[in-house]
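All of the numbers you see were taken from the coordinates with simple rules; none came from a lab. What you are looking at is a predicted structure, and each value in this text was computed from that prediction instead of being measured. Here the Cβ positions follow ideal geometry from the backbone for every residue, glycine too, while neighbour counts run over all protein chains shown.
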Amino acid sequence: MPRNTVKPLAALCVLALPLSACSGTSAASDENVVTVYSADGLKGENGDGWYDQVFKDFEKETGIRVEYVEGGSGEMVQRTVREKRNPQADVLVTLPPFIQQADTKGLLQKYAPKGADRVSGADKAANGTWTAVVNNYFGFVHNTKELKQAPTTWEDLLDEKYENKLQYSTPGVAGDGTAVLIKAMHDFAGEKPAMEYLKKLQANNVGPSASTGKLAPKVDKGELLVANGDVQMNYAQSRSMPNLGIWFPAREGGRPTTFALPYAAGLLTDAPHTENGKQLLDYLLSQKAQRQVSKIGGGFAARQDVGATDANAIALAKLMDGVEVFEPDWDDIEENLTSYIDAWKEATGS
């Protein structure tokens, strides 16, 4: 949930090739490095995101260099699966249900970072293989300049004015795209009615998108009027995109709804730098890093003992006021994800 195509930092070689093929010392052989595969959204467009700050601080405090590879949640899990016999990364950060999928596939080893005891039980694995590092919620964005009347319901999006002006990222590839299915199945009370709605919505949909992160700039410019996203990413983007408005669709006559979509992190099985991975996970859950989640990243701290009072935290709380938060059955979704994606493909002709 990918939101961006793979974007390694300049320090990495082209990662379509094994890291061992890089010239000089590879990340896998370098003892003073930790490699992170992550869903996008936490790294800033201009080097001003949460990752940018915490990686910089971590490197300064530990001397361990962070190598970063970014993509969609599904893409990052698939990449890790391909590398299972020769792991190249140490830490995986991805959104549900893909973190559960990674666990089921045996990609994660048990490790409870320092501070994990301060994270809600719903935001970490019962078996100790992953924990949320940034809390987040699914949402949509609309263009506040072009739309005289903002949409409030799913039914609004069927209006012909949204034809070729609406787009959502691809379920099964992008975490936020998968979240569209999850929310629709909840709001429409079942798989069948949700797919019937999404079939109708397809008349206005521009088409598939592997990247959720690339949709918000199109909405800001007016190329799109509506797109899916998530609160943390879109709130952070809104600092440089003044025409973005975050909203949560409701059923006609009902309340707006959303669900938690945390960035969850785990230590990869047979990671080449297990101890460095543990240190990074500890740091991501440290009080210092968690206090920066809202102030810098525009998200919600995963630790319950970190009470943010900065301007962003206040604005985010106001944004969530009146929105009903439901809890998906992640076990069911992880188990039946393939069939849900197949049902979506059949309904939409994708």
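Projecting each Cα onto the charge dipole of segment 226-300 (Lys/Arg +1, Asp/Glu -1 at the beta carbon, about the Cα centre), which of 240, 258, 286 comes out farthest on the positive side? Comparing the listed Cα positions along the dipole, 240 ranks first. Each label point was placed 7 Å from the Cα along the Cα-to-Cβ direction; for residue 122 and residue 84 their separation is 3.1 nm.
So what is the calculated 222 nm ellipticity per residue for the chain, using -39500 (n - 2.57) for each DSSP H run with n of 4 or more, over all residues, to the nearest 500 deg cm²/dmol?
Value at 222 nm, helices only, nearest 500: -10000 deg cm²/dmol.
Put in order of Cβ neighbour count within 10 Å, fewest first, the listed residues 258, 94 become 258, 94. Going by the alpha-carbon gyration tensor, a ≥ b ≥ c the square roots of its eigenvalues, is segment 252-350 rounded (a/c under 1.5) or, if a/c is not under 1.5, prolate (a/b greater than b/c) versus oblate? Since a/c reaches 1.5 but b/c is at least a/b, the shape of segment 252-350 is classed as oblate. The equivalent ellipsoid that matches the C-alpha gyration tensor of segment 117-215 spans semi-axes of 29, 16, 13 angstrom, in descending order. The Cβ shell under 12 Å around residue 180 holds other residues with a net charge of -2, Lys and Arg each +1, Asp and Glu each -1.
Can you give the net charge of the other residues whose Cβ lies under 11 Å from the Cβ of residue 302, counting K and R as +1 and D and E as -1?
Computed value for this residue: +1.
Going through the cross-link list 105/200; 105/278; 161/218; 165/192; 56/278; 124/199, which pairs have a Cα-Cα distance over 27 Å in this structure? Over 27 Å Cα-Cα: 105/200; 124/199. Extension gain for residue 251 to residue 144 (0.36 nm times residue separation, less C-alpha to C-alpha distance): 36.4 nm.
When 273, 186 are ordered from fewest to most other Cβ atoms inside 10 Å of their Cβ, what list results?
Numbers: 273 25, 186 19.
By the 10 Å Cβ count, ascending: 186, 273.
Counting other beta carbons within 10 Å of each residue's own, what order do 196, 67 fall into, fewest first?
The most exposed by this proxy come first: 196, 67.
For residue 46 and residue 110, the difference between the fully extended length at 0.36 nm per residue and the C-alpha to C-alpha distance is 19.6 nm. Between residue 338 and residue 317, the contour length at 0.36 nm per residue exceeds the Cα-Cα span by 4.1 nm.
Working ranking of peptides 308-319, 221-232 by packing, defined as the average number of other Cβ atoms within 10 Å per residue, highest first, is 221-232, 308-319.
Over 35 Å apart: what share of the alpha carbon pairs of the chain falls there, rounded to a whole percent?
19 percent
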